[in-house]
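The values are calculated or read from the model by the stated rules, or taken from the named source; none is laboratory data. Model, not experiment: these values are computed from the prediction. Every residue, glycine among them, receives a Cβ derived from its backbone with ideal geometry; neighbour counts consider all protein chains shown.
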Amino acid sequence: MNEKTKKATRTVVGGLVLLVGIIAIPYPGPGWLIVFAGLAILAKDYPWAARVLAYGRERYDAWGRWIKRQNWFVQSITAILTVLVVVVTIWLLNGYGLLNAWFNLGMDWLQSPFIK
């Protein structure tokens, strides 16, 4: 495989991994790890990706240090808002609507407003 093909492959794979990571950020699990992995793949060929990766790691670590210094109330509000983002996103993507249909729950309000 020539170098242009390798670079194109790394670009596509890195871009897809980065996109999946961005989508996964608000959900429990390794969202930020996936983002950093995508940036690391892209950083092999693109200096901007290396800079974004370094900056992102620095900001991520700073956020972790900041949230640990906060009192229980701020930590709780942060957790509640994170859960709210996850619940609303699943609803908008019709995750609950699928469960409603699969289990014949008869709760039409579970269906996403984007699904007709």
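Can you tell me which residue is surrounded by the most Cβ atoms within 10 Å (Cβ to Cβ) among those in segment 4-25 that are farther than 30 Å from VAL87 by Cβ and not β-branched (Val, Ile, Thr)? Give the derivation first.
The first filter runs over segment 4-25 and keeps only residues farther than 30 Å from VAL87 by Cβ, leaving 4-14.
Okay, now just the ones that are also not β-branched (Val, Ile, Thr), so 4, 6-8, 10, 14.
On the way: LYS4: 8, LYS6: 12, LYS7: 13, ALA8: 13, ARG10: 16, GLY14: 21.
Restricting to residues being farther than 30 Å from VAL87 by Cβ and not β-branched (Val, Ile, Thr), the top hit is GLY14.
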What pairs can you find where one residue is in segment 26-50 and at pLDDT below 90, the other is surrounded by fewer than 20 Cβ atoms within 10 Å (Cβ to Cβ) and aliphatic (A, V, I, L, M), and their Cβ atoms are less than 7 Å apart, with a gap of 6+ or different chains? PRO26/VAL85; PRO26/VAL86; TYR27/VAL86; GLY31/ALA24; GLY31/ILE25; TRP32/ILE25
Filter segment 26-54 for residues that are assigned to a helix (DSSP H, G or I) and small (Gly, Ala, Ser); the one that is surrounded by the most Cβ atoms within 10 Å (Cβ to Cβ) is GLY38
